[in-house]
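Below is one structure, written out as structure tokens; the observations come after it.
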Amino acid sequence: MEKIFEQSWRWYGPHDPVNLSSIKQAGANGVVTALHHIPVGEVWSIDEIEKRKSLLEESNKNNPFPLHWNVVESLPVHEHIKQGRPDRDDHIEKYKVSLKNLGKCGVTRICYNFMPVLDWLRTNVKYRLEDGSTALLHNLEDLIIFDLYILKRNNAAEDYAADMVKKAKVKYSEMKAEELEILKKSLLMALPGDEKGFTLEKLRKGLRDYEGISAQQLRENLVYFLSEIIPVAEEAGVKMAIHPDDPPWPVMGLPRVVSQASDLEYIFRKVPQNANGLTFCSGSLGASEQNNLTEIISNFYERIHFVHLRSVQREANSRFYEANHLEGSAGMYKLVRTFYELQKKYNREPVPMRPDHGHEMLADQEKNYYPGYSAIGRLRGLAELRGLEFGIINTLENK
Ligand code: DNO
């Protein structure tokens with residue numbers, strides 16, 4: 001076997017500070033990208049998809065190592081679909097058209113998520129590590145401080161354990177204004193690819209729109225959505241790959257239903273076609289110690305259409321930070337080895353994999369990257385993961 005993964009790299013498009021030739025130099029040939037300029041819910045026309053493809057084709061001229069668009073990350077799901085509003089069918093119809101258009105253009109893997117309002121959530125996007133680089137941190141205590149004292153959400157304290165609320169209260173009373181500002185900025189940050197971000201008011205409104213929507217209701221809305229789009233995806237030759245919740249538990253009173261193995265079992269049982277698949281994200285799932293990552297890979301292997309590899313270091317009280325790719329709690333050797341063994345068993349093509357996030361380090365510390373998406377940190381991640389893959393294949397095959 002030559003490869004376990006198709007080495008890939010997330011590219012935000014023409015405005016991304018990391019350009020296509022840098023991606024080639026990083027050693028990736030799969031480009032994971034999305035049409036971020038199209039508002040959520042609007043159709044991705046063939047024209048727009050072809051325009052993005054032509055940027056890659058242009059950069060491939062006279063190049064023996066061509067890039068290709070292998071995964072869409074993300075085709076976002078409109079909030080009204082998640083909320084099950086009366087107009088959800090109109091939004092689902094538009095989603096189907098985008099999906100078919102992508103299939104027609106040969107872009108056949110789509111990553112998306114079903115997290116209400118917010119995507120990934122970190123309380124400090126510049127957490128300094130011992131080696132001087134910075135990483136992303138999630139600290140529940142700080143999230144509580146934000147929720148109670150900055151956002152001032154009604155009855156927020158009821159959503160957390162009493163001892164954590166107490167600890168947060170003490171910490172808050174000692175925090176300086178700058179620290180509170182960092183916390184606020186980190187939590188109101190825009191989602192990847194969106195430059196606008198949240199205001200407190202916009203976030204409050206987003207949360208209000210989910211009042212009365214239980215986890216069970218959200219789950220049913222997800223199944224409704226999947227029952228509609230998966231047959232269309234199958235027909236279009238497209239694989240859908242849902243991204244797990246990050247972190248994998250409810251946040252700010254919002255339900256989250258793609259957090260653990262039982263959630264995955266549920267949605268795959270309800271909508272069994274293989275086009276209904278998973279983005280295996282070791283970082284998101286790995287933030288909860290209840291998730292056994294190798295078991296999840298083994299149980300859902302044939303549905304894993306896309307892989308994000310990164311490792312969080314879990315600490316007490318739902319605090320975690322993003323460690324180097326081969327360190328932290330994920331146990332990367334075992335994960336990659338499990339992928340190797342299953343690929344041999346099922347004789348599958350290499351699955352697209354991207355190093356998810358990287359530290360801000362070296363010259364990148366002077367630049368302004370979207371947190372987690374610096375060039376050098378991800379380059380280090382990819383290089384380490386490729387080395388691990390190379391070592392596993394060569395050792396196990398006695399090369
Ligand atoms: C964060 C990403 C996520 C992911 C979406 C997919 O870095 O992994 O934001 O792109 O959840 O829909």
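Structure above, values below:
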{"read-out": "Relative contact order %, segment 100-225, counting alpha carbon pairs below 8 Å whose residues are six or more apart", "value": "23 percent"}
{"read-out": "Cα-based Rg and Dmax for segment 356-399, where Dmax is the largest Cα-Cα distance (Å)", "value": "14.0, 44"}
{"read-out": "Rounded to the nearest 20 debye, dipole of the chain from Cβ charges on Lys, Arg, Asp, Glu", "value": "200 debye"}
{"read-out": "Within-11-Å neighbourhood charge of LEU143 [Cβ basis; K, R +1; D, E -1]", "value": "-2"}
{"read-out": "Distance (nanometres) between label positions extended 7 Å along Cα→Cβ at LEU362 and LEU188", "value": "3.5 nm"}
{"read-out": "Gain in span if fully extended, ASN60 to GLU158, counting 0.36 nm per residue against the direct Cα distance", "value": "29.8 nm"}
{"read-out": "Check: segment 341-396 dipole with +1 on Lys, Arg Cβ and -1 on Asp, Glu Cβ, in debye", "value": "240 debye"}
{"read-out": "Part-to-part distance (alpha-carbon centres) for segment 222-250 and segment 92-168, which is given in Å", "value": "19 Å"}
{"read-out": "Added length on full extension, which subtracts the Cα-Cα distance from 0.36 nm per residue, TRP249 to SER262", "value": "3.4 nm"}
{"read-out": "Spin-label pair ALA215/SER298, simplified geometry with 7 Å Cα→Cβ offset, distance in nm", "value": "2.5 nm"}
{"read-out": "Surface accessible to a 1.4 Å probe, per residue, for the residues of the chain, Å²", "value": "44 Å²"}
{"read-out": "Given LYS126/LYS196; LYS104/LYS344; LYS152/LYS196; LYS239/LYS270; LYS184/LYS367, the pairs whose alpha carbons are separated by over 26 Å", "value": "LYS104/LYS344"}
{"read-out": "As computed over the chain, the Cα convex hull volume per residue (Å³)", "value": "141 Å³"}
{"read-out": "Gain in span if fully extended, GLU289 to ALA316, counting 0.36 nm per residue against the direct Cα distance", "value": "8.6 nm"}
{"read-out": "Charge dipole of the chain about the Cα centre (unit charges at C-beta), most positive-ward option of GLY253, ALA34, THR338", "value": "THR338"}
{"read-out": "Alpha-carbon centroid distance for the pair segment 297-351 / segment 12-60, whole angstrom", "value": "26 Å"}
{"read-out": "Summed residue charge, Cβ within 14 Å of VAL18's Cβ, Lys/Arg positive, Asp/Glu negative", "value": "+3"}
{"read-out": "Value of relative contact order over the chain, rounded to a whole percent, pairs C-alpha under 8 Å and six or more apart", "value": "18 percent"}
{"read-out": "Segment 183-307 shape via C-alpha gyration tensor axes, a/c threshold 1.5", "value": "prolate"}
{"read-out": "Positive-pole candidate from ILE393, LEU151, ALA287, dipole of the chain, charges at beta carbon", "value": "ILE393"}
{"read-out": "Percent accessible area from carbon and sulfur atoms, the chain, protein chains only, probe 1.4 Å", "value": "49 percent"}
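The values are calculated or read from the model by the stated rules, or taken from the named source; none is laboratory data. As the structure is a prediction and not an experimental result, all values here were calculated from the model. Please note: Cβ atoms are built from the backbone with ideal geometry, for glycine as well, and neighbour counts cover all protein chains shown. Accessible surface is based on the protein model in full, side chains and every heavy atom, while ligands, DNA and RNA are left aside. Shrake-Rupley method; radii C 1.70, N 1.55, O 1.52, S 1.80 Å.
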